[in-house]
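Working notes for the structure below.
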Amino acid sequence: MGICDDQVVIVTGAGRGLGRAHALALAAEGATVVVNDLGATLGGEGTDLTPAAEVVAEIEAAGGAAVVNGDDVSDFDAAGDMVASTVARFGRLDAVVCNAGIVRDRMMVNLSVDEWDAVIRVHLRGTFGPLRHAGDHWRSLSKAGEQVNARVVTTSSGAGLFGSVGQANYSAAKAGIAGLTIVAAAELARYGVKVNSIAPSARSRMTEEAFADMMRKPDEGFDAMDPANVSPVVVWLASPACDVTGRMFETAGGQLSVATGWQHGTVFDKGARLDPAEVGALVADLVREAPDPTPVYGA
């Protein structure tokens, strides 16, 4: 018996890395997994369904159930087809794990608009499309009088929460996902949908350079950078056991924490219009009272 028994879960970008680990872990807990992966390169070029098919074969060999889906989640209509085909095949959809992503790292002054658009499209639009179509499906069920108990797990990053030098496009996309998550949680709560996000740290194609010193697995002991370490958190968040919504969880190795996000700071209220000449002194006082921001990665 698993905590995802009888659940149907879509995992995007599930052919490799974190997505693959999530798909395997969900299947091990009883879920039927739709293994979505276009099979593109790290930069987003080309298609190859082999990685997704290999994950499905691995799940089936272990006695689980899974199917391949090759829809491009950054294409709004294709994301809709993915949701619709899942419901048509299995008669239900219980959770969506939005994991697909690419990187095109560059210092901002060298970043092209095409590199910007490609990363924003796959990460942010590739999260919005599945979430939007799944949300619409669950809303329709709720309005028809059915009891909905659905889950969405999005994937942000420390780069999105705190910034990362050389990753302006990736950081902006992941910050957008964080904002999208809390709005979706607020809007979909009335329909029985819980929406949370993770900011994971683990080995993947996207983190090979960032974690270059950690790429070799230790000869013995706990491998803190194994992507499978993140998956138990995702499995719980995607399961009916999850009882929280609108939260951001940082997770790496055996660590788990809740990121608190932006908070209103101390307010100075003059009760009248400020004069530009007095703003500097006010800012100095307010900054002195405020906690220091978390440093940007690589700064």
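The values are calculated or read from the model by the stated rules, or taken from the named source; none is laboratory data. From a predicted model like this one, the values you see are computed outputs, not experimental measurements. Every residue, glycine as well, gets a Cβ built from its backbone with ideal geometry; the counts of neighbours run over all protein chains shown.
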Whichever residue in segment 224-255 is exposed (fewer than 14 other Cβ atoms within 10 Å of the Cβ) and of a type outside the set (S, T, N, Q) and, among such residues, is nearest to the chain's Cα centre (by Cα) = Val244
So which of Ile182, Ile198 is under 18 Å from Gly261 (Cα atoms), surrounded by 23 or more Cβ atoms within 10 Å (Cβ to Cβ), within 13 Å of the chain's Cα centre (by Cα) and at pLDDT 95 or above?
-> Ile198
Tally the residues that are among the hydrophobic types (A, V, I, L, M, F, W, C), without any contact (Cβ under 8 Å) to a residue 40 or more places away in the chain, surrounded by fewer than 10 Cβ atoms within 10 Å (Cβ to Cβ) and in a loop (DSSP other than H, G, I, E, B), restricting the search to segment 256-299.
-> 3
Residue pairs within 6 Å by beta carbon, gap of at least six or interchain, first lying in segment 73-84 and free of Cβ contacts under 8 Å to residues at least 24 places away in the same chain, second not in a helix (DSSP H, G or I), listed first then second, are Asp81/Asp71
Test result for Ser157, more than 30 Å from Arg92 (Cβ to Cβ), hydroxyl-bearing (Ser, Thr, Tyr) and touching a residue at least 24 places away in the same chain (Cβ under 8 Å) | yes
Residues being of a type in the set (A, V, I, L, M) and touching a Ser or Thr at 6+ places or on another chain (Cβ under 9 Å) - total across segment 135-164 = 5
Mind checking which strands (runs of 3 or more DSSP E) fall wholly inside segment 1-107 and carry at least 2 residues that are touching a Pro at 6+ places or on another chain (Cβ under 8 Å), among the charged types (D, E, K, R) and surrounded by 18 or more Cβ atoms within 10 Å (Cβ to Cβ)?
-> none
Determine the pairs where a residue that is over 12 Å from Ala100 (Cβ atoms), located within segment 116-130, has a partner that is of a type in the set (Gly, Ala, Ser) and outside any helix (DSSP H, G or I) with Cβ atoms under 6 Å apart, the partner being 6 or more residues away or on another chain.
-> Ala118/Gly44
Output for segment 139-167, where each listed residue is β-branched (Val, Ile, Thr), touching a Gly at 6+ places or on another chain (Cβ under 9 Å) and within 22 Å of Cys242 (Cβ to Cβ) = Val148, Val152, Thr155
When you look at Thr251, is it in contact with a Lys or Arg (Cβ under 6 Å, 6 or more places away or on another chain) and touching a residue at least 40 places away in the same chain (Cβ under 8 Å), yes or no?
-> no
Quick one: in segment 18-49, of everything that is at pLDDT 95 or above and not hydrophobic (A, V, I, L, M, F, W, C), which residue is farthest from Ala252 (Cα to Cα)?
-> Thr32
Is there a residue being surrounded by fewer than 24 Cβ atoms within 10 Å (Cβ to Cβ), out of contact with any strand residue (DSSP E or B) (no Cβ under 9 Å at 6 or more places or on another chain) and free of Cβ contacts under 8 Å to residues at least 12 places away in the same chain anywhere in segment 160-173?
-> no
